[in-house]
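What follows is a short report on a single structure.
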Amino acid sequence: MFNQWSKLDPEDRSTGRILQMLDFDFFELLDAVTIARSRKHIQAFYDTTEVGAFPERLSPKSIREPLTDLPDVPSFNDIFERLQALTLAMYTPLAYVFPTAWPSTKPSTTSQPALHDPTSGNVAVSRDSRSS
């Protein structure tokens, strides 16, 4: 395939074209024989004099940029504090169910668990009990 591809006109000789020409089995074979080598593996088992040594690894730098340069915009910490103050009740529905109403190994005598507001302690009336 490569020989056929290399004989094509330069404008037709593209990466996309050779990928179209290659069979899927080629990629399976390539995947089976390709070996990922780490920097440590290459340094231990290969002669790197021709290509040179790996560059020295630098320590990572922590860059702490502000959210914006605009005035009167809350900082990341302010946003975090505001998010922590939210109840997000939609995501914690079991917080509003009395623990005594949770399913147990014994059959329940009520058809629905009693609901309550954990912040006020008030019991909510379910729709089923209002209609009766």
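Summary of computed values
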| quantity | calculated |
| --- | --- |
| Matching entry among Ala36, Ala53 (being in a loop (DSSP other than H, G, I, E, B), in contact with a helix residue (DSSP H, G or I) (Cβ under 9 Å, 6 or more places away or on another chain) and not aromatic (Phe, Trp, Tyr)) | Ala53 |
| Matching residues in the range 27-66 - criterion: being farther than 30 Å from Asp78 by Cα, exposed (fewer than 10 other Cβ atoms within 10 Å of the Cβ), under 31 Å from the mean Cα position of the chain (by Cα) and of a type in the set (A, V, I, L, M, F, W, C) | Ala32, Val33, Ile35, Ala36, Leu58 |
| Residue pairs meeting the criteria (Cβ under 8 Å; at least 6 apart or on separate chains; first without any contact (Cβ under 8 Å) to a residue 24 or more places away in the chain and on the phi > 0 side of the Ramachandran plot, in the range 27-42; second surrounded by 10 or more Cβ atoms within 10 Å (Cβ to Cβ) and part of a helix (DSSP H, G or I)) | none |
| Residues being exposed (fewer than 10 other Cβ atoms within 10 Å of the Cβ), closer than 15 Å to Phe27 by Cβ and of a type outside the set (Gly, Ala, Ser) - total across the range 1-16 | 2 |
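FYI, it's all coordinate maths here, none of it is from the lab. Quantities reported herein were computed from a predicted structural model and do not represent experimental measurements. Cβ coordinates were reconstructed from backbone atoms using ideal geometry, including for glycine residues, and neighbour counts include every protein chain displayed.
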